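Below is one structure, written out as structure tokens, with a few remarks after it.
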Amino acid sequence: MRKIAIANQKGGCGKTTTAINLSACLAERGKRVLLIDLDPQAHATLGLKGDPEELEKNMYDVLSDSSSPTTLEEVTLHILSNLDLAPSSVILSALEQELSGRPGRELRLYNAIQSLSTSYDYLIVDCPPSIGLLTFNALRACDEVIVPIETSIFSLHGVEKLLETTRVLSDRADHRTKVKALATIYDRRTKLAKEILKRIREHFEGSVFNSVIHTNIRLREAALKRVPISKLDKTAAGYKDYRQLTEEVIKGEAWTERMEGKPIGPQVLEKGVFFSYRIPDAEDVQLVGDFNNWKVGKDAQLDRDENGGWGRFLPLNKGRYEYRLVVNGKWITDPHNPQIVSNPFGGENSVIVVP
Ligand SMILES: Nc1ncnc2c1ncn2[C@@H]1O[C@H](COP(=O)(O)OP(=O)(O)O)[C@@H](O)[C@H]1O
Ligand SMILES: [Mg+2]
């Protein structure tokens with residue numbers, strides 16, 4: 001199951017719109033999706049179901065210290081084929097104070113997900129516009145974060161501030177989360193929007209979606225009608241944008257999907273390290289690092305099997321090695337190795353130690 005948080009402390013940047021429409025498009029593509037509304041403003045709940053205060057149970061019951069513990073399943077509502085919603089309510093805003101000082105309070109959502117018995121392909125978490133307990137719960141529970149960035153009125157220096165925020169987010173998340181930016185509310189007619197998009201692409205390097213969500217009034221109308229855009233107007237630009245984003249997200253499955261029973265990532269063995277990955281879409285995967293003087297080329301290639309698996313045993317002596325993967329010519333950090341250090345180029349290297 002892929003677990004994706006939609007987070008940005010700024011309000012109005014398209015978090016909820018993305019959470020709803022990405023979830024609905026994934027469901028339409030046959031993926032089983034649970035959308036968790038973690039914002040006390042409950043806009044996702046409102047946008048898909050209706051008045052949150054009329055619902056009997058919500059995420060507060062799951063996360064709080066109530067005398068009768070509530071499971072995620074008990075609050076989950078069926079919305080559309082393949083799409084379920086765990087609703088929010090304004091009472092969720094009381095949680096931060098209520099749990100203040102409690103050990104493990106940031107792991108409440110993580111724990112609730114562990115005891116989930118329904119099987120979903122995707123879990124999408126819509127976060128509030130703040131970096132507090134609720135967002136931390138989302139980050140601890142998820143492996144990936146999508147950060148929507150509004151390109152219409154966002155100031156340029158704000159991009160840097162946001163970068164810092166995402167760094168804080170992934171540091172606080174403790175485990176390594178994959179953070180990816182998404183340009184939203186994009187108006188191609190304005191110079192500023194173009195400039196901001198360029199800056200986002202520079203700053204986030206490879207960690208930004210190619211898909212861009214344009215300004216589209218139909219998205220707003222869909223929210224008011226309490227349906228995803230797919231149910232309102234399939235000819236709308238907003239639908240096409242979210243469909244494209246969905247395809248990009250689905251393509252990323254290769255990265256998170258662990259082969260049944262087969263280890264993925266670097267495995268330290270007796271006389272070296274076995275590196276193995278599952279990247280069915282790739283044409284070429286190379287492993288470069290200290291051990292080969294960072295030299296890209298035929299000698300650095302991994303072997304491919306017929307199932308899209310890539311692997312190679314590298315004999316290595318005792319020591320500490322830094323490395324990166326080069327997939328179709330693009331340098332990336334090993335997504336299956338949490339050991340990462342900053343490199344002098346502003347990016348990251350993965351680290352492996354042979355004891
Ligand atoms: N691409 C878009 N085009 C037009 N309006 C949008 C778009 N994305 C979001 N909106 C509208 O902007 C407002 C804020 O979006 P929302 O998704 O609720 O942001 P957030 O959850 O980050 O606060 C909503 O009224 C929403 O309908
Ligand atoms: Mg919102």
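The values are calculated or read from the model by the stated rules, or taken from the named source; none is laboratory data. Keep in mind that this is a model prediction, so the values were computed, not measured. Here the Cβ positions follow ideal geometry from the backbone for every residue, glycine too, while neighbour counts run over all protein chains shown. Just the protein is used for accessible areas: all its heavy atoms, side chains included, with ligands, DNA and RNA removed. Shrake-Rupley method; radii C 1.70, N 1.55, O 1.52, S 1.80 Å.
Results, tabulated for the structure shown:
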{"quantity": "Cross-chain or 6+ apart pairs with Cβ under 7 Å, segment 205-228 first and touching a residue at least 40 places away in the same chain (Cβ under 8 Å) and within 15 Å of Thr45 (Cα to Cα), then more than 16 Å from ligand 2 (Cβ to nearest atom) and of a type in the set (Asp, Glu)", "calculated": "none"}
{"quantity": "Those residues of segment 16-37 which are within 10 Å of ligand 2 (Cβ to nearest atom), open to solvent by less than 10 Å² (accessible area, probe 1.4 Å) and closer than 18 Å to Ile131 by Cα, in sequence order", "calculated": "Ala19, Asp37"}
{"quantity": "Output for segment 70-98, where each listed residue is outside any helix (DSSP H, G or I) and farther than 14 Å from Ala44 by Cβ", "calculated": "Thr70, Thr71, His78, Ser81, Asn82"}
{"quantity": "Some residue of segment 106-121 being free of Cβ contacts under 8 Å to residues at least 40 places away in the same chain, assigned to a loop (DSSP other than H, G, I, E, B) and of a type in the set (D, E, K, R)", "calculated": "no"}
{"quantity": "Output for segment 14-49, where each listed residue is within 13 Å of ligand 1 (Cβ to nearest atom), in contact (Cβ under 8 Å) with a residue 60 or more places away in the chain, within 17 Å of Leu224 (Cα to Cα) and assigned to a loop (DSSP other than H, G, I, E, B)", "calculated": "Gly14, Gln41"}
{"quantity": "Residue selected from segment 122-136 under the condition away from ligand 2 (no atom under 16 Å from the Cβ) and not in a strand (DSSP E or B), by the criterion modelled with the highest pLDDT", "calculated": "Leu133"}
{"quantity": "Tally of residues being open to solvent by 20 Å² or more (accessible area, probe 1.4 Å), at pLDDT below 90 and within 19 Å of Leu245 (Cα to Cα) across segment 199-222", "calculated": "4"}
{"quantity": "Among (1) free of Cβ contacts under 8 Å to residues at least 40 places away in the same chain; (2) more than 15 Å from ligand 1 (Cβ to nearest atom) - the single one Ser81 does not satisfy", "calculated": "(1)"}
{"quantity": "Segments classed as strands (runs of 3 or more DSSP E), wholly inside segment 246-355, with at least 1 members that are open to solvent by less than 30 Å² (accessible area, probe 1.4 Å) and in contact (Cβ under 8 Å) with a residue 60 or more places away in the chain", "calculated": "265-269, 272-278, 285-289, 348-354"}
